[in-house]
Amino acid sequence: MLQDSFATRLVAWQKQHGRHDLPWQVRDPYRVWLSEIMLQQTQVTAVLEYYARFLQRFPDVAALAAASVDEVLALWSGLGYYSRARNLHKAALMVMEEFGGQFPAQREALQRLPGVGRSTAAAIASFAFAQRETILDGNVKRVLTRCFGIAGFPGEKAVEKQLWALAEALLPADGSQMTAYTQGLMDLGATVCGRKPACTVCPMVDGCVAAQQGRTHELPTPRPKKAVPTRHTVMLLAQHGERIWLERRPPSGIWGGLLSLPEFADSMALERWLECMGQGDVLPSWPELEHVFTHYRLIITPVPARLDTLAATGVQESAGQWIPLQQALEAGLPAPVKRLLQRLLA
Ligand code: SF4
């Protein structure tokens, strides 16, 4: 079973194929912490230069705490996500004031530092203090969901909880393996099990669910698309002879300034409107039409009607106009309205 051999495979693979020359692969918690914060939203290649510059200016946590936050921000400039720099400075002060200048070794205590979440705390605890704590960042989630066939968006609470439990169960029994193991998790996710996984060179391939079942493209499950709200409208195709009644939409909002069909919340409102317009017949509704905007779905119920005589005091001409159907089709119309008029003409 892959679960039993996962740590052994990973450690052996990391020793042979993993990364060994990153400047923060040391036991110094200050350097590990600094690199982990920088790597949170930034690629290794971009971090290397900043890391070296930071260490030169702030060789230890005391130097960083003694600096002004403005100086830290200035040195951080270009790395982005500046709250990381502000938290870095706050955390340095906390290490000096609350922990006597020494980083705590326990994951729970490390998590109290501003900007340090559970996974970052675990990385510091395992790299600098050989604690049996697991990381679980985006790369690790990808590896685990594929290896163990875990479906469901990993950002969902229940899935995340399952992944934390699994990640903890996979830890090597021997704490002395923690550096290679944690680095192995990072390396496998970053260099082998990426968006296009290189399964043939992966140490997990013969036990990996995604590789064995051809599901690497569907795991991890992507973030679910937000449900788009649905709105309903009733559109009236009122014809008088060869002409159709169209109204100009307000200049802003959807279909701003275009000619369109009059809309109603329901068929009662539509019938009241028709009574004011004149005498005629409402015909059976056409099948519903769907139009998708970026932020909602519009379901249109088209209702055709024929007016034989127009009331002398009908709807004011300023609200709309009777336009020959052929001419209306040449005007700027919303796409679904154009489709309806084409159908009417046909
Ligand atoms: S076998 Fe492929 S999908 Fe599975 S962990 Fe390795 S690289 Fe990822």
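Picking from TRP76, TRP273, TRP24, which is most flexible by a Gaussian network model of the chain using Cα springs under 10 Å? For the chain, modelled as a Gaussian network with Cα springs under 10 Å, the answer is TRP273.
Considering only beta bridges that DSSP places wholly inside the chain, some 65 percent are antiparallel. Among 25-31, 63-69, the peptide with the highest mean count of other Cβ atoms within 10 Å heads the list, and the full ranking is 25-31, 63-69. Listed here are the pairs LYS90/LYS226; LYS157/LYS226; LYS90/LYS157; which of them are more than 26 Å apart at the Cα? In this structure, LYS90/LYS226; LYS90/LYS157 lie more than 26 Å apart at Cα. Normalised per residue, the accessible area of segment 191-346 is 60 Å², obtained with a 1.4 Å probe and no contribution from ligands, DNA or RNA.
When only the Cβ of Lys, Arg, Asp and Glu is charged (+1, +1, -1, -1), the dipole of segment 2-213 relative to its Cα centre reaches about 400 debye.
The listed residues TYR50, TYR296 rank as TYR50, TYR296 when sorted by accessible area, largest first, using a 1.4 Å probe. Share of carbon and sulfur in the accessible area of the chain stands at 52%, probe radius 1.4 Å.
Accessible area per residue for segment 60-156 is 39 Å², calculated with a 1.4 Å probe on protein heavy atoms, without ligands, DNA or RNA.
The values are calculated or read from the model by the stated rules, or taken from the named source; none is laboratory data. From a predicted model like this one, the values you see are computed outputs, not experimental measurements. Here the Cβ is made from the backbone with ideal geometry for all residues, glycine too, and neighbour counts use every protein chain on show. Note: accessible area is taken over every heavy atom of the protein model, side chains too, but ligands, DNA and RNA are not part of it. Shrake-Rupley method; radii C 1.70, N 1.55, O 1.52, S 1.80 Å.
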